[in-house]
Each structure stands twice: as C-alpha cells, then as structure tokens.
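One structure is given below, encoded as structure tokens.
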Amino acid sequence: MLGVAGGIAAYKAAELCRALVQRGYTVQVVMTKAATEFIQPLTFAALTGRKVVTSLFSSGNSEETLSSAVEHIAIAQEHDLLVVAPATADILAKFAHGLADDFLSTLYLAFTGPVVLAPAMNTNMWRHAATQANLEALRARGHKIVEPEDGFLACGMIGPGRLADPESIADVVAEQLEHRHDLAGETVLITAGPTQEPLDPVRFISNRSSGKMGYALAEAAAERGARVILISGPVHLPAPRGATVVPVKTAGEMRDAVFGNLRGATMVIKAAAVADFHLSTVPQQKIKKTAARLSLELDPTPDILAELGRDKKDWLLIGFAAETENLEREARRKLQTKNCDMIVANLVGGDESGFESDHNEIALALKTGEFLRFPRASKRELADEILTQALHLRHVLAEPAHER
C-alpha cells in the first residue's frame, strides 16, 4: 500500500509507484484529500491499474457508503506493507497519536504489518520538537523511517526536509518485504522482563529490567512469521500481537516455563534479567522492622541459560549480557561458558540506553568469532537486526567448517 499525503513532494510518489510496479509488486495507492491538490489520482490509477482510494466514504448510495466505510479493513488485510511517501508532519502526528479522520490514518490503525515512512516537509517543521517526538514514537513501534535529504526546498529554504530518492525508498520497501515471512516455520521461545524473588509475603528482590527488549523481539519475530512463545516476568507492557505469553514471577517459575515450552523450539532467546539470588526459605509472615541490622542468607537461583547450553539440541541459543564494563571480554566469556551461539551485549547504567529506555546500543558476540557493534537505535529496530543476524548465523554454522 502506497500512502500519499498532501505535500509538494507528492509528485515524486508517482516515481516511487512506478519503481515498485516495475519490481513486480502489486501497489494499492491511498491518497489524502490534500494530496489530490498536488497530483491527480488518475496518474496513480494509470501506473497501478487499480482504483485509487481518496475518501473514507463513498458519495454513492447507502450500500456503497457502507462498503467503503469498512474498505480500509479489507485493504489492510490484503497487503503486506504500508509505505507513506511523502509523510507530512500532519500524517506523522496522526499516526503517532492514533488519530483516524481519513482513509489513510484509519488504514494505518487497521494494519498490522511493517510500515515505511518517508518524511518530506519544511526544514523548520522537520526540526520541530513535536515532529521529532512523533518520529521517536513511530521508531519505537518498529516503523522504518527513510530520512529526508538535505537540499533546496520548495519554500526557498536549504536544509533537511526533501523527500528521499524514490529508488532509495523502493530499496527499503524491498528490504522490509524480504523479512516479511523469513521466520515462517520457526518456533521462537523468548524470555523477557525481571523476576521477583520474595523475601516475605510483601517484599521481594528484583531489578530494573522493563522487558522492552524481549517484547520487541517477540513482536518482530511474530511479524516475520514465527510462532512465538514469550515467557515474561512482571512488566507493564501490552502483550505483543501474535505471541503466546506465559506469565511468571520467580526465577524458578521461569526455569520451569522455559523447559515446559521448549519442545519444538528452533530458536531460544534469553532476554530476561533473571535474579541471581533468592531466599531459599521465605518467612510466612512479614518481617518486622526493628532497630537491629537484618542479615539475609541468599542462595543462587537456577542458571537457566547455562542449563540450556549444557542440554543444547539443534536450537539456536541466544543469551543477553548487561555489563557495566569490559563489554567485549565479558560477552565472549559468557558466549563460551554458557555454550551460546550468540550473546547480545550492552553497557547499562546510562540514561539514554539499556533498562527502561526505548533505545539501546548493542554488540553481538557470535560463535563464529565475530564481534559486531551496532549504533544506538530503538529496541524494535535492534530486535529486527538481532533476528536477521541470528538467521545468517544459523546459515553460516550449517556450512562445513572448511567452507566458512
């Protein structure tokens, strides 16, 4: 689906439409009312051979009006990707805040697949804090943003805001569609969030994990066609669409849930921040506060990742390492000691990345000996990168050693 919003760059959407059709894609064009002021729907109809949608309601009889009112649902279900070019400041704001007052914004809310947005607008509008906040919200949902180019704009200003080259946008669309079903047939088991180890009936030991990275992985894997089992500690996040969620609280419960759902798994991703220690015998009554110092004897919790590594079958095993120093050394050590195929490592403790943030900066330690660093990005974007690297790693490990 090609969405065209109302900006001067709308005429370039015709070039993008032609590029997509030439690559063999079936393209359904949806235009906002403002877009029709810049370019006629007939242009896109001629390029695609399909009716162009320009309004949420038909002006015909009542049956036609009823049909058009639900047309956005049918179109959303029939297509694999939504690309909006140009994506104006107005349409970005509508998408970010869930507003639906025309066909394109309503279609967006009804669509569950990958979304590519190619913004184009005045430089000051692009740099405005509201636009940048909307872009951050959309990136956090996993949408791919094709950054505008610098150059001479129709308003006479020079700076960022010019629509990216249509062929470049078409390349991004092709890349996103390649990932669309690349995990079909896979069963991906993911752990996410913290665990809570009780100290008494009202207190517990836990950590700062928000679960956002694990949930982003579950969402990305489900979108790419996998059967996803998400074993989650206590978090405040909505269940990822398409994933089966198994809620747990303690490390012991998480261990039992992992091995209880392991059968048939082809990829195991241990993104949870499991507590390292617990109180082996929990008092039945609340511990009373006194003036005296309180000492607790804590025992180690089950090392789920190590146990998976010892009992490793033909699944791809991916662990996580949150470190405060010596990132590469600790990631390689954990890769070896836990018998993993990949370790996703990141430095924690800063305000911009890691726990509770929507963004992260990661590195991957691979069984092949590589250590790959990735720049700061949204956790949803990094989730797709981790899955792509995991599929590539499996392909490499399947090759005979002398051919690697």
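The numbers here are math on the coordinates, done by the rules we state, and not lab data. What you see is a predicted model; the values in this text were computed from it and never measured. Cβ placement follows ideal geometry from the backbone for every residue including glycine, while neighbour counts extend to all protein chains displayed.
What to note about this one:
- Computed [θ] at 222 nm, deg cm²/dmol, the chain (DSSP H ≥ 4; -39,500 (n - 2.57); rounded to nearest 500): -10500 deg cm²/dmol
- Each residue of region 129-145 was assigned a 3J(HN,Hα) from its phi angle through the Karplus expression (A = 6.51, B = -1.76, C = 1.60, θ = phi - 60°), giving 4, 5, 5, 5, 5, 5, 5, 4, 5, 6, 4, 5, 7, x, 6, 8, 9 Hz with x at Gly and Pro.
- Amide proton proximity set for E186, modelled H, under 5 Å, gap of 5+: R227
- The count of lysine pairs in region 244-314 with alpha-carbon distances below 29 Å, taking only pairs 8 or more places apart or on different chains, stands at 8.
- When its C-alpha radius of gyration is set against 2.2 N^0.38 Å (N residues), region 237-359 gives a value of 1.27.
- Look at where the Cα atoms of region 179-209 and of region 361-404 average out, and the two centres are 21 Å apart.
- Residues with amide H under 5 Å from that of F277, placed H, sequence gap 5 or more: T301
- In region 2-178, Cα pairs under 8 Å separated by at least six residues give a relative contact order of 22 percent.
- Amide H within-cut-off set for V246, under 5 Å, with H built and near neighbours excluded: L230, I231, S232
- Under 16 Å from K144, Cα to Cα: lysines that are on another chain or at least 8 residues apart: K379
- Partner aspartates and glutamates for K94 [C-alpha distance under 13 Å; skip if fewer than 8 residues away on the same chain]: D102
- Using the Cβ-Cβ distance between T337 and L99 with R0 set to 41 Å, the FRET efficiency works out to roughly 0.20.
- Alpha carbon convex hull of the chain, projected area averaged over orientations, nm²: 25.8 nm²
- Beta-bridge orientation, region 2-178: approximately 25 percent antiparallel, per DSSP, counting only bridges with both partners inside.
- Taking 0.36 nm per residue of sequence separation and removing the Cα-Cα distance, the L177/N326 pair yields an extension gain of 49.9 nm.
- Phi-based couplings in Hz for region 380-389 (Karplus 6.51, -1.76, 1.60; Gly and Pro marked x): 5, 5, 5, 4, 5, 5, 4, 5, 4, 5
- Gap separating the Cα centres of region 333-348 and region 283-317, nearest whole Å: 20 Å
- GNM result for the chain, Cα springs below 10 Å: residue of N326, N207, N261 fluctuating most strongly: N326
- Relative contact order (%) - criterion: Cα under 8 Å, at least six apart; region: the chain: 11 percent
- Measuring between their Cα centroids, region 1-47 and region 79-150 lie 16 Å from each other.
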